[in-house]
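First comes the structure, then the notes that go with it.
Nothing in this text is a laboratory measurement; each read-out follows from the coordinates by a stated rule. Note that the coordinates shown come from a computational prediction; the quantities given were computed from them, not determined experimentally.
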Amino acid sequence: MPRTTALAGKVVMDPNAGGKVQAMVAGRLEAGPQGLPSVGQAVKKGDVLAYVSPSTDQIERSNQMAQLAELHAARALVEKRLARLSARV
């Protein structure tokens with residue numbers, strides 16, 4: 001089952017036609033489970049139309065990778081402590 005995250009967004013009505021869906025974050029739009037909807041296609045509340053893959057710059061991506069490495073190291077340390085304490089019992 002794919003992991004999903006609800007993001008804030010808004011629907012802006014076009015007075016000449018239907019509506020426009022806008023994401024509140026910058027990123028790349030990827031097709032939803034049934035592909036991107038075509039013009040005039042009916043959609044209903046709750047339909048997943050597309051996914052937004054947030055775009056990050058190189059510095060932010062580097063910071064995230066460093067934080068991930070720290071979390072992996074902390075987890076490994078906790079697992080070693082748990083194994084050591086479990087061996088005492």
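See the values below:
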item: Computed lengthening from residue 87 to residue 42, 0.36 nm per intervening residue step minus Cα-Cα distance; result: 10.1 nm
item: Extension gain from residue 22 to residue 8, taking 0.36 nm per residue of separation minus the Cα-Cα distance; result: 4.1 nm
